[in-house]
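Visitor: Before we start, here is the structure in question, set down as structure tokens.
The values are calculated or read from the model by the stated rules, or taken from the named source; none is laboratory data. Since we're looking at a predicted model, the values are computed, not measured. FYI the Cβ positions are ideal-geometry reconstructions off the backbone, even for glycines, and counts take in every protein chain you see.
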Amino acid sequence: MRISAVRLILSGVLIAVAAAPVVVAQSTNRPTASPASAPSLADDRKATPQITLGTTSADPGDTATVPITFKPGQGTGIRSLKLTVVFRSTILKFDRLVRGPNADAKKMEVTLEDHVTSGEGRDEYSTLIIRAVVPPGEPEQSGLPSGVLGNMVFRVDPDSDGAIVDLNTTVEATESGSVSPLPTQKVRVTDGEVFVTAPGGVPGCFFFTH
């Protein structure tokens with residue numbers, strides 16, 4: 001009887017040990033909930049309106065043309081833009097604003113609202129205020145179309161020995177159906193540059209980059 005009892009106990013222990021890995025295996029194979037995917041940087045860029053000022057080069061005495069390009073964000077219609085462009089104007093003088101190929105009078109109005117110059121010599125700066133808007137009478141939800149809004153034309157001092165002039169830009173953008181500008185972080189802005197070539201064909205004087 002004692003031998004039978006011992007055999008029975010050992011059989012129970014072996015059965016329990018053999019069953020344990022099965023339980024573990026089942027627990028490790030349970031499906032787990034996948035975390036919600038966060039918006040990618042690419043998605044953020046697509047959803048954000050973009051204003052880009054171009055980069056160009058010119059010789060002393062020539063003109064330099066810098067395009068202003070707009071790309072609306074996905075699902076975000078922009079009804080008006082106000083650009084403030086500040087640059088050192090010692091050797092680069094603003095001449096005029098030319099409407100871009102997309103600036104159809106029926107779709108948008110692009111105007112130079114102000115042009116102010118202050119300071120003297122190397123401390124002379126100019127400020128341009130440019131506005132692009134959907135004209136009155138267009139549907140409330142209409143937005144500015146994608147493309148070149150306009151071209152800024154500058155005259156380069158004929159006595160310049162070369163420079164790199166930054167066109168520092170800030171933007172106020174107002175969504176369609178709203179009267180309040182978007183937060184500045186909701187609009188991507190790329191500053192422009194004008195490379196004025198020096199004798200020898202390369203930009204000169206690093207001073208003008210700041």
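Visitor: Please go through region 136-171 and give me each residue that is within 27 Å of Thr184 (Cα to Cα) and in a loop (DSSP other than H, G, I, E, B), ordered by number.
Guide: Passing the criteria: Pro136, Glu138, Pro139, Glu140, Gln141, Ser142, Gly143, Leu144, Pro145, Ser146.
Visitor: Output the residues belonging to region 139-193 that are closer than 20 Å to Leu112 by Cβ, of a type in the set (Ser, Thr, Tyr) and touching a Phe, Trp or Tyr at 6+ places or on another chain (Cβ under 7 Å).
Guide: none
Visitor: How many residues, within region 186-210, are modelled with pLDDT of 80 or more and either surrounded by fewer than 18 Cβ atoms within 10 Å (Cβ to Cβ) or in contact with a Gly (Cβ under 9 Å, 6 or more places away or on another chain) (or both)?
Guide: Residues flagged as modelled with pLDDT of 80 or more and either surrounded by fewer than 18 Cβ atoms within 10 Å (Cβ to Cβ) or in contact with a Gly (Cβ under 9 Å, 6 or more places away or on another chain) (or both) within region 186-210 amount to 12.
Visitor: Out of the residues in region 81-115 meeting the condition of being in contact (Cβ under 8 Å) with a residue 60 or more places away in the chain and more than 21 Å from the chain's Cα centre (by Cα), tell me which one is farthest from Thr127 (Cα to Cα).
Guide: Ile91
Visitor: Within region 142-170, can you find the residues that are under 27 Å from Thr90 (Cβ atoms) and either touching a Lys or Arg at 6+ places or on another chain (Cβ under 7 Å) or among the aromatic types (Phe, Trp, Tyr) (or both)?
Guide: Once the filter is applied, which keeps residues that are under 27 Å from Thr90 (Cβ atoms) and either touching a Lys or Arg at 6+ places or on another chain (Cβ under 7 Å) or among the aromatic types (Phe, Trp, Tyr) (or both), region 142-170 yields Gly150, Val153, Phe154, Arg155, Val165.
Visitor: Please enumerate the residues belonging to region 54-80 that are within 18 Å of Arg131 (Cα to Cα) and among the small types (Gly, Ala, Ser).
Guide: Across region 54-80, the qualifying residues are Gly54, Gly77, Ser80.
Visitor: Sticking with this one: So is Leu167 under 18 Å from Leu53 (Cα atoms), touching a Pro at 6+ places or on another chain (Cβ under 9 Å) and either in contact (Cβ under 8 Å) with a residue 12 or more places away in the chain or surrounded by fewer than 14 Cβ atoms within 10 Å (Cβ to Cβ) (or both) or not?
Guide: Spelling it out, it is not the case that Leu167 is under 18 Å from Leu53 (Cα atoms), touching a Pro at 6+ places or on another chain (Cβ under 9 Å) and either in contact (Cβ under 8 Å) with a residue 12 or more places away in the chain or surrounded by fewer than 14 Cβ atoms within 10 Å (Cβ to Cβ) (or both).
Visitor: Cβ-Cβ under 7 Å, sequence separation 6+ or interchain: first residue in region 63-76 and closer than 18 Å to Thr190 by Cβ, partner in a strand (DSSP E or B) and of a type in the set (S, T, N, Q). Which pairs?
Guide: Sorted first by the residue in region 63-76, then by its partner, the pairs are Ala64/Thr56; Thr65/Thr56; Thr65/Asn151; Val66/Thr56; Val66/Asn151; Pro67/Asn151; Thr69/Thr52; Lys71/Gln50.
Visitor: Okay, next question. Given the conditions (1) under 22 Å from Gly147 (Cβ atoms); (2) surrounded by 18 or more Cβ atoms within 10 Å (Cβ to Cβ); (3) over 23 Å from the mean Cα position of the chain (by Cα), report the number of the one that Ile78 does not fulfil.
Guide: (3) is the only condition that Ile78 fails.
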